[in-house]
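Undergrad: Structure provided below as structure tokens; questions to follow.
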Amino acid sequence: MSRVLRNYAGLTVTCIVGVAFVLIFAASSTSFSSLTLILALFTFASVIAAAMMIAWAAEASQYSISQGLALAIVAIVQTLPEFFVEGAIAWNAGQDPVGWLPNVTANFTGANRLLTGLGWPLILFTAMLSRSGNKRSGPSVIALRKEQSIEVVFMLGATLYYVLIWLRGSLELIDTFVLLAAFLGYLWVLSRLPSERQDPREALDASPRAIVELGTRKNRVTAILGLFTFSGLVFVFISTPFVDSINTIAVALFGTGAGFFFIQWIAPFLSEFPEKVTAFHWARKVKLAPMALLNFVSSAVNELTALVAIIPIIFAFSIGAIGPVSLTAHRDEVLLTMAQSLYACVCLMDLKYDVRNALQLFGLWLVSTAFVETRFAISIVFLLASLVELIIQRRRITVFSSFKHTLQQYFSRHS
């Protein structure tokens, strides 16, 4: 059996064993015992295995079908783990508001801040170290193409909408409609872009490249859809036990407040792990660093729009009525997420991401994560830093003109 087949077989077996264990011992996820630890281990392993297969299929899809359809699929499946985790939390919040409602903000705020505060800087640092290790001068800037202004503009628009959510202190069905409309508009605009030009042999590792190299288009599409379907079913079975076991272990070992921390940071870190591995692999190849950064920007857009949009819907089904999802217990988390995301967007106003931006993002993220009591103050610092960055870049802001040019170029072509 080839190494590629062993990779897929190993991940598949891991998922099947994890699901089987969940079906047998699911009740152990809500009450602490030795079985809870074992269940957590199996669900963690299954999350990583299923997310890895999703990542490989998502990478391969960009070369197997039209870019519009590929980007639509990639946009959904790369954040699929967070969708299931957030859905499980929103459902639990409806069933047990006292215990779970404060945790609703944990997953989406943690996932987004991990991407921009840790992921974005590490992409640039990885590219710099890679070139330095090869005794070449490492790049201190990652430059995006003009058409990649689309992701930046939509991320900025979604970020600014969170001002209203923060002021209101709740998520409502109107937010679902607005954020889903923004997400669908984002996918529609992306669908007008040309096909991927990067050579898959240069961009992909052996496992996703094996899908691209399948004999016929039908076989490639079948393999991709099969991986998406299988991984999605795995998440259907393990998402709730995954979230419950994290919360149960955290509360039992570290007290009531620890559940929020674990759901905010540990759950999204594990579910985003394969995506980060892929992005860092691209960053090591240096000239693929823009693809790696754009991968994280695109994921941030999905999390700010579609991921949050599902919360009011699932919460309404859980309680059997339409009502607001209160965020008042952690409004500072929403404010900090919005402020950090805003600064990240402002850093890309000239479609370039440099060392100064990366160091500021990483430093402020690290302080706000290590010292919870500073989060409101760090939010203000991020907002002020955004203003300063705009002043610094005022003569170099190209994102909006590039966005307009891209729309005119590709929409007029297809009209």
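The values are calculated or read from the model by the stated rules, or taken from the named source; none is laboratory data. Just so we're clear, the structure is a prediction, and the values are computed from it rather than from any experiment. All Cβ positions, glycine included, derive from the backbone under ideal geometry; neighbour counts span all protein chains shown. Side chains are part of the model used for accessible areas, which takes the heavy atoms of the whole protein and leaves out ligands, DNA and RNA. Shrake-Rupley method; radii C 1.70, N 1.55, O 1.52, S 1.80 Å.
Undergrad: Scanning the stretch 27-44 for residues that are open to solvent by 40 Å² or more (accessible area, probe 1.4 Å) and of a type in the set (A, V, I, L, M, F, W, C), which turns out modelled with the lowest pLDDT?
TA: First, the residues of the stretch 27-44 that are open to solvent by 40 Å² or more (accessible area, probe 1.4 Å): 27, 30-35, 37-38, 41-42, 44.
Those still in the list that are of a type in the set (A, V, I, L, M, F, W, C) too: 27, 32, 35, 37-38, 41-42, 44.
Working: ALA27: 66, PHE32: 73, LEU35: 78, LEU37: 80, ILE38: 81, LEU41: 83, PHE42: 83, PHE44: 81.
By that ranking, first place goes to ALA27.
Undergrad: Can you tell me which residue within the stretch 63-84, out of those that are in a helix (DSSP H, G or I) and more than 18 Å from the chain's Cα centre (by Cα), is modelled with the highest pLDDT? Can you show your working first?
TA: In the first step, residues of the stretch 63-84 are kept if they are in a helix (DSSP H, G or I); the result is 63-64, 67-77, 80-84.
Retained after the next criterion (residues that are more than 18 Å from the chain's Cα centre (by Cα)): 63-64, 67-69.
Working: TYR63: 71, SER64: 62, GLN67: 48, GLY68: 45, LEU69: 53.
Only one residue fits best here, namely TYR63.
Undergrad: Since ARG395 meets every condition but one in (1) outside any loop (DSSP other than H, G, I, E, B); (2) over 30 Å from TRP188 (Cα atoms), which condition does it not meet?
TA: Only one criterion is unmet by ARG395, namely (1).
Undergrad: Here is a list: GLY110, GLY87, GLY94. Which entry is assigned to a helix (DSSP H, G or I), within 28 Å of THR176 (Cα to Cα), at pLDDT 80 or above and in contact with a Pro (Cβ under 6 Å, 6 or more places away or on another chain)?
TA: Numbers: GLY87 fails: in contact with a Pro (Cβ under 6 Å, 6 or more places away or on another chain); GLY94 fails: in contact with a Pro (Cβ under 6 Å, 6 or more places away or on another chain).
When all the criteria are applied, what remains is GLY110.
Undergrad: Considering only residues that are surrounded by fewer than 16 Cβ atoms within 10 Å (Cβ to Cβ) and not in a helix (DSSP H, G or I), look in the stretch 214-231 and name the one that is modelled with the lowest pLDDT. Spell out the reasoning first.
TA: Start the filter on the stretch 214-231 by keeping residues that are surrounded by fewer than 16 Cβ atoms within 10 Å (Cβ to Cβ), which leaves 215-219, 222, 225-226, 229.
Going one step further and asking which of them are not in a helix (DSSP H, G or I), we end up with 215-216.
Numbers: GLY215: 75, THR216: 81.
Taking the candidates together, the pick is GLY215.
Undergrad: Please determine whether any residue of the stretch 368-385 is surrounded by 13 or more Cβ atoms within 10 Å (Cβ to Cβ), more than 23 Å from the chain's Cα centre (by Cα) and under 19 Å from PRO121 (Cα atoms).
TA: Yes, some residue in the stretch 368-385 is surrounded by 13 or more Cβ atoms within 10 Å (Cβ to Cβ), more than 23 Å from the chain's Cα centre (by Cα) and under 19 Å from PRO121 (Cα atoms).
Undergrad: Additional query: Kindly indicate the residue of the stretch 293-346 that is touching a strand residue (DSSP E or B) at 6+ places or on another chain (Cβ under 6 Å) and in a helix (DSSP H, G or I) and also farthest from ARG168 (Cα to Cα) among those meeting that condition.
TA: Narrowing the stretch 293-346 to residues touching a strand residue (DSSP E or B) at 6+ places or on another chain (Cβ under 6 Å): 293, 311-312, 315, 324-327.
Still in the running and in a helix (DSSP H, G or I): 293, 311-312, 315.
Working: LEU293: 32, ILE311: 16, PRO312: 14, PHE315: 18 Å.
Applying the filter and picking the extreme gives LEU293.
Undergrad: Consider only pairs whose beta carbons are under 7 Å apart and that are at least six residues apart or on different chains; among these, list those whose first residue lies in the stretch 344-367 and is within 14 Å of LEU118 (Cα to Cα) and whose second residue is open to solvent by less than 40 Å² (accessible area, probe 1.4 Å) and charged (D, E, K, R).
TA: TRP365/ARG113
Each row is one residue, and each column tells you yes or no for (1) at pLDDT 95 or above; (2) aliphatic (A, V, I, L, M).
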residue	(1), (2)
ARG331	no, no
ALA344	yes, yes
ASP350	no, no
ASN357	no, no
VAL372	no, yes
ARG375	no, no
ILE378	yes, yes
LEU387	yes, yes
